[in-house]
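**Student:** Attaching a single structure in structure tokens format; questions to follow.
The values are calculated or read from the model by the stated rules, or taken from the named source; none is laboratory data. All figures in this text were calculated on a predicted structure; none of them were measured in a lab. Reconstructed Cβ throughout: ideal geometry from the backbone, glycine too, with neighbour counts over all protein chains shown. Surface areas here come from the heavy atoms of the whole protein model, side chains and all, with no ligands, DNA or RNA. Shrake-Rupley method; radii C 1.70, N 1.55, O 1.52, S 1.80 Å.
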Amino acid sequence: QVQLVESGGGLVQPGGSLGLSCAASGSIFRRYVMAWYRQAPGKQRELVAAITSGGTTNYADSVKGRFTISRDNAKNILYLQMNSLKPEDTAVYYCKGSLGYLDYWGQGTQVTVSS
């Protein structure tokens, strides 16, 4: 079993930057497909970005060119660097780890983009 703990959320002004981290327990983190999701009030949870064990990434169209997902397999940490933030990026951000049919979720961290 994997435990995921997000950190780094907060309040930022439009156009600003914020970095999220997701610390994972367990020794097989490197085998997991990791992803960031977000859920805004009244909306469904949506995929923001994902990264495979080999480092292949994909992004939602809404964040391409602004967000960067990365992972450090030696430290068991997933990252999301968010630049040029917009009010519509406001949401609770969750990290997810997937291995086969198993999915693990973190508890989420709030990101608010507002002036």
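**Student:** Count, please, the residues in the range 25-38 that happen to be modelled with pLDDT of 95 or more and either open to solvent by 60 Å² or more (accessible area, probe 1.4 Å) or not in a strand (DSSP E or B) (or both).
**Tutor:** 1
**Student:** Residue by residue through the range 62-115, note down the ones that are among the aliphatic types (A, V, I, L, M), outside any loop (DSSP other than H, G, I, E, B) and surrounded by fewer than 19 Cβ atoms within 10 Å (Cβ to Cβ).
**Tutor:** Ile77, Val92, Leu99, Leu102
**Student:** Let me ask something additional. Pairs under 8 Å by beta carbon, first residue among the basic types (Lys, Arg) and at pLDDT 95 or above in the range 53-71, partner surrounded by 15 or more Cβ atoms within 10 Å (Cβ to Cβ) and part of a loop (DSSP other than H, G, I, E, B), six or more apart or different chains?
**Tutor:** Pairs that qualify, where the first residue is among the basic types (Lys, Arg) and at pLDDT 95 or above and the partner is surrounded by 15 or more Cβ atoms within 10 Å (Cβ to Cβ) and part of a loop (DSSP other than H, G, I, E, B), are Arg66/Leu85.
**Student:** Would you call Pro14 loosely packed, with under 15 Cβ neighbours inside 10 Å, touching a strand residue (DSSP E or B) at 6+ places or on another chain (Cβ under 9 Å) and closer than 15 Å to Gly108 by Cβ?
**Tutor:** Considered against the rule, which asks whether it is loosely packed, with under 15 Cβ neighbours inside 10 Å, touching a strand residue (DSSP E or B) at 6+ places or on another chain (Cβ under 9 Å) and closer than 15 Å to Gly108 by Cβ, Pro14 comes out as no.
**Student:** I'd like the full set of residues that are open to solvent by 60 Å² or more (accessible area, probe 1.4 Å) and assigned to a loop (DSSP other than H, G, I, E, B), limited to the range 39-59.
**Tutor:** Passing the criteria: Pro41, Gly42, Lys43, Gln44, Arg45, Ser53, Gly54, Thr56.
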